[in-house]
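Written out below as structure tokens is the structure these notes cover.
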Amino acid sequence: MRPILSAMRPEKLQPVCDGGIVMTKEQKAIHFLTMQHIQNVSRRLTDVAIKILERAKIHDNSKLLSPEMEMFAEATPRLAGLTYGSDEYRKELKKLGVALEHHYQENSHHPEHYTYQIFDMDFLDLIEMLCDWCAAVERHKDGNIWRSLEINRDRYGMSDQLVKIFVNTLKAFGYKDDAADNGKGEKHAHRPE
């Protein structure tokens, strides 16, 4: 095999064989640094995955205790029958009062948890929030993640860039926005299989 040429003065470097590929000592050193980088990124991705799993274990646990438990037990079936973002939905949500305030206070994946709402959230909050929205549309007869995303864009003043990131993420998880007309001029949101 021919040695791979080094970018820096190949005539001064000796080839070294690594895994069947002949490399110079300089190339082998760079290869080692690349492997360290890959492991470093892997470790950080694992840290993110662990944080997400920790959040999954405790998501919305505050709904299982007072003052939220009693009020959400009453309101959830009524909310499920309403269109997300409608005047009726907002009126029903207001009835939750103290329970909803407590819920926002205890759960950082809600923009209302923060003084500056979505602008104070971190990436982990955003991931959990998007997952929460996906699960929430499944509770509604007419749930549609794309319509929810548009409503929440206005509700929270999300930038076009953040909305596009959410759209790309939803598509990566199998949600399709096929613009199929359901007779009401609305788009179907196909949930992943």
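The values are calculated or read from the model by the stated rules, or taken from the named source; none is laboratory data. Note that the coordinates shown come from a computational prediction; the quantities given were computed from them, not determined experimentally. Cβ atoms come from the backbone with ideal geometry, glycine included; neighbour counts cover every protein chain shown. Protein only, heavy atoms only, side chains kept; ligands, DNA and RNA dropped before computing areas. Shrake-Rupley method; radii C 1.70, N 1.55, O 1.52, S 1.80 Å.
Of note:
- Surface composition of region 60-187: carbon and sulfur atoms hold 55% of the protein heavy-atom accessible area at a 1.4 Å probe.
- Considering only Ser42, Ile30, Met69, the residue lying farthest towards the positive end of the dipole of region 9-137 is Ile30, judged by Cα position with unit charges set on Cβ.
- Using a Förster distance of 30 Å, the FRET efficiency for His59-Asp142 (Cβ separation, nearest 0.05): 0.80
- Cα centre as origin, Lys/Arg/Asp/Glu Cβ charges: region 31-94 dipole, Debye: 340 debye
- Relative packing of 116-122, 35-41, which averages over residues the other C-beta atoms within 10 Å, highest first: 116-122, 35-41
- Förster radius 25 Å - calculated FRET efficiency between Arg44 and Val22, Cβ distance, rounded to 0.05: 0.15
- The slack between Arg153 and Asp177, meaning 0.36 nm per residue of separation minus the straight C-alpha distance, is 7.0 nm.
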